[in-house]
Amino acid sequence: MSIWEYANPKKFMQTSGLLLPWVTGLAVTAMLVGLIWGFFFTPDADRFGSTVKIIYLHVPAAMMSISAWTMMLVTSLIWLIRRHHVSALAAKAAAPIGLMFTVIGLVTGAIWGQPMWGTWWAWDPRLTAFLILALFYLGYIALWAAVENPDTAADLTSVLAIVGSVFAFLSRYAVLFWNQGLHQGASLSLDEKENVSDVYWLPLVVCIAGFVLLFVTLVLIRTRTEIRSRRMQALIARERLA
Amino acid sequence: MIPDLGKYAGAVAWSYVASLGLILGFVALSLWQARRMKQALDEVEKRQGKSDA
Amino acid sequence: MIALLIRDLRLAVRAGGGFGLGLAFFLLVAVIVPLGVGPEPATLAKIAPGILWVGGLLACLLSLDRIFALDFEDGSLDLLATSPLPMEGAVAIKAVAHWLVTGLPLVMAAPVLGVLLNLPLPGYPWLVVSLALGTPALSIIGAFGAALTVGLKRGGLLMSLLVLPLYMPTLIFGAEVVKRGAAGMAVATPLALLAAITAGALALLPFAAAAAIRVNLR
């Protein structure tokens with residue numbers, strides 16, 4: 001019953017404890033370098049003027065939003081197949097982070113859209129797909145919170161993550177079908193390498209790296225919290241039995 | 001030092017303020033939750049006489 | 001399996017709560033929407049496909065917790081789990097029962113409500129076809145959502161939060177079929193995609209739902 005003696009969580013706590021300062025340092029460095037470079041040292045763009053600077057937040061956030069969900073899918077599968085508790089807890093820890101990135105993507109997308117399209121919100125396929133993804137994140141987080149037994153919660157949320165992934169994928173294309181999009185070929189295809197000249201591309205890559213490292217840092221921090229929480233629940237349960 | 005953002009100054013500024021605000025806020029929240037949990041766990045472990053040497 | 005189907009159908013009709021409520025709700029939606037957006041025929045005609053689909057979807061949503069909750073509470077679900085019938089089969093049967101009691105009546109009632117919402121004439125056959133193809137998906141997806149939350153005391157709202165995003169592709173393509181049909185345009189693409197989603201959901205979700213039920217019965 002005692003999970004602390006369980007090899008996996010213990011090794012995770014040790015390894016993550018050692019890694020954390022380094023990952024944090026790298027994340028801070030990459031984000032500062034990327035954002036400062038992009039904000040201060042890149043020119044305005046033809047079509048977008050200075051709003052092109054929003055790209056350094058919007059694109060990495062959107063990419064991490066998808067990546068976080070993918071990570072949750074993979075760790076959920078690992079939990080279902082190999083029953084590593086750390087994996088299930090990592091998925092649980094990643095969800096709010098992914099939701100945060102999704103919200104940043106939506107907010108920056110909306111703010112960017114205002115001067116470009118003249119409206120605060122547009123049911124553009126990309127924005128709509130991310131809004132739907134935000135709902136999937138919310139449902140996943142809500143299910144974890146609603147189920148008392150941690151193993152049951154891990155199992156149910158893992159199944160949800162898998163089914164949700166399929167439907168999130170379907171929704172992406174359904175929404176594209178539903179609305180051919182405000183900007184066919186305009187604004188937000190800037191994440192295609194062909195459309196972005198080097199002068200924006202390089203700081204963007206650094207920002208993306210920064211966001212990835214930020215994600216890793218936050219996952220490590222939050223998973224450690226989850227592991228501690230689980231250990232505490234196990235200890236308290238043992239207290240009650242004794 | 002701040003580049004001339006022209007007519008889009010508001011949009012760009014708000015994007016950065018909102019995004020960095022969300023990130024910093026979330027990091028702070030995560031760190032605070034981590035510390036609280038560590039303290040709570042240490043308390044329970046001490047009570048039970050288990051240490052994490 | 002047939003026995004289970006008949007039993008569920010009997011329960012739904014007898015208990016009174018299952019049968020008819022979804023239909024009544026569907027009717028109510030068709031009444032309150034014009035009350036909300038105004039009676040102008042042109043407006044209604046434009047939004048009719050979407051409203052009919054959303055109304056049908058919500059009506060399905062309402063009756064979802066009946067699929068497993070009652071059996072879970074009185075222990076029948078445990079018995080079902082130990083029976084020779086595989087849980088996947090039981091899930092599928094229960095989804096079929098749900099569809100017969102909720103989805104099918106919606107399909108049949110929809111044209112009448114289309115009149116209330118001023119649906120253009122060419123849209124009617126497509127309304128029926130799209131709902132007929134789409135509502136089975138709503139039932140099986142709903143069964144999955146119900147399976148996830150069956151152990152929770154007040155899981156209804158959470159179940160809606162989980163199920164509605166899963167409903168979105170079916171909704172998009174279903175409404176699109178009616179919209180295009182009403183405008184006289186080609187409907188082949190959304191129709192095919194709608195059917196594909198239903199087929200895929202029917203094939204795969206019984207396994208996911210069965211897994212969730214087994215977890216909740218532990």
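Across every pair of different alpha-carbon atoms, what Kirkwood hydrodynamic radius in Å does the range C:95-218 reach?
Answer for the range C:95-218: a Kirkwood hydrodynamic radius of 15.3 Å.
Given N residues in the range C:2-217, what is Rg(Cα) / (2.2 N^0.38 Å)?
1.03
Can you give the convex hull volume per residue for the Cα atoms of chain A, as a whole number of Å³?
130
Under a straight-distance cross-link criterion of Cα-Cα below 28 Å, which lysines are reachable from residue C:94, leaving out those fewer than 8 residues away in the same chain?
Output for residue C:94: C:153.
Between residue C:192 and residue C:37, what is the label-point separation in nm under the 7 Å Cα-to-beta-carbon projection?
Once both label points are built, they end up 3.0 nm from each other.
So how many Å³ per residue does the convex hull of the Cα atoms of the protein assembly as shown work out to?
Dividing the Cα hull volume of the protein assembly as shown by its residues yields 171 Å³.
Excluding residue A:83 itself, calculate the net charge of residues whose Cβ lies under 13 Å from the Cβ of residue A:83, where each Lys or Arg counts +1 and each Asp or Glu counts -1.
Residues near residue A:83 contribute -1 overall.
Using θ = phi - 60° and the Karplus curve 6.51 cos²θ - 1.76 cosθ + 1.60, what whole-Hz ³J(HN,Hα) does each residue of the range A:231-242 get, with Gly and Pro shown as x?
So the J values, rounded to whole Hz, are 4, 4, 4, 5, 5, 5, 4, 5, 4, 5, 6, 6.
On average over all directions, what projected area in square nanometres does the range C:1-51 have, based on the convex hull of its Cα atoms?
4.8
Quick one: divide the alpha-carbon radius of gyration of the range A:8-86 by 2.2 N^0.38 Å and tell me what you get.
Against the compact-globule rule of thumb, the ratio is 1.58.
Based on Cα coordinates alone, diagonalise the gyration tensor for chain B, multiply each eigenvalue by 5, take square roots, and list the semi-axes in whole Å, largest first.
46, 9, 5
Looking at the range A:119-164 from every direction and averaging, what is the projected area of its Cα convex hull in nm²?
Projected area, direction-averaged: 3.7 nm².
Which residue, A:74, A:216, A:147, has the most motion in a Gaussian network model of chain A that connects Cα atoms within less than 10 Å?
A:147
Amide H neighbours of residue A:49 under 5 Å, counting only residues 5+ apart in sequence or on other chains, H built in-plane at 1.01 Å?
Close amide H contacts, sequence-distant or interchain: none at all.
What does the structure give for B:23-35 when I average, per residue, the other chain Cβ atoms found within 10 Å of the residue Cβ?
5
What distance in nm separates the two pseudo spin-label positions at residue A:44 and residue B:9, each 7 Å out from Cα along the beta-carbon direction?
Inter-label distance under the simple model: 1.2 nm.
Local charge sum around residue C:160 (other residues, Cβ-Cβ under 15 Å, Lys/Arg +1, Asp/Glu -1)?
+1
Could you give the nm distance between label points at residue A:8 and residue A:28, where each point is 7 Å from its Cα heading toward the beta carbon?
3.3
Per the Kirkwood treatment, what hydrodynamic radius in Å, one decimal, follows for the range A:46-167 from the mean inverse distance over all distinct Cα pairs?
15.3
Mind checking the mean number of beta-carbon atoms from other chains within 10 Å of the Cβ atoms in C:143-156?
For this peptide, the per-residue mean of nearby foreign Cβ atoms is 3.
Explain nothing, just compute: Karplus ³J(HN,Hα) = 6.51 cos²θ - 1.76 cosθ + 1.60, θ = phi - 60°, for every residue of the range C:58-71 in order, whole Hz, x for Gly and Pro.
With the stated coefficients, the range C:58-71 comes to 5, 4, 5, 4, 4, 9, 5, 5, 6, 4, 10, 4, 4, 5 Hz.
For a quick protection proxy, order the peptides A:200-207, B:21-28 by their average other-Cβ count within 10 Å, most packed first.
A:200-207, B:21-28
What is the distance in Å between the Cα centres of the range A:105-153 and chain B?
Using only Cα atoms to place each centre, the spacing works out to 20 Å.
Going highest first, how would you order C:112-118, C:141-147, A:138-144, C:173-179 by mean Cβ packing within 10 Å?
The packing order, highest mean first, is C:141-147, C:173-179, A:138-144, C:112-118.
For the range C:1-110, taking Cα atoms only, what is the radius of gyration to one decimal and the Dmax to the nearest whole Å?
17.1, 57
Given the rule -39500 (n - 2.57) for each run of at least 4 DSSP H residues, summed and divided by the residues of chain B, what is its mean residue ellipticity at 222 nm, to the nearest 500 deg cm²/dmol?
-28000 deg cm²/dmol
Compare A:146, A:154, A:93 in a GNM of chain A, Cα atoms joined below 10 Å, and give the one with the largest fluctuation.
Comparing A:146, A:154, A:93 in the GNM, the peak value goes to A:146.
Show me the ranking of peptides A:35-46, A:163-174, A:231-242 by mean Cβ neighbours inside 10 Å, starting with the highest.
A:163-174, A:35-46, A:231-242
Each reported figure results from applying straightforward, stated rules to the coordinates on display, with no laboratory input. Predicted model only: the values in this text are computed from it and were never measured. Every residue, glycine among them, receives a Cβ derived from its backbone with ideal geometry; neighbour counts consider all protein chains shown.
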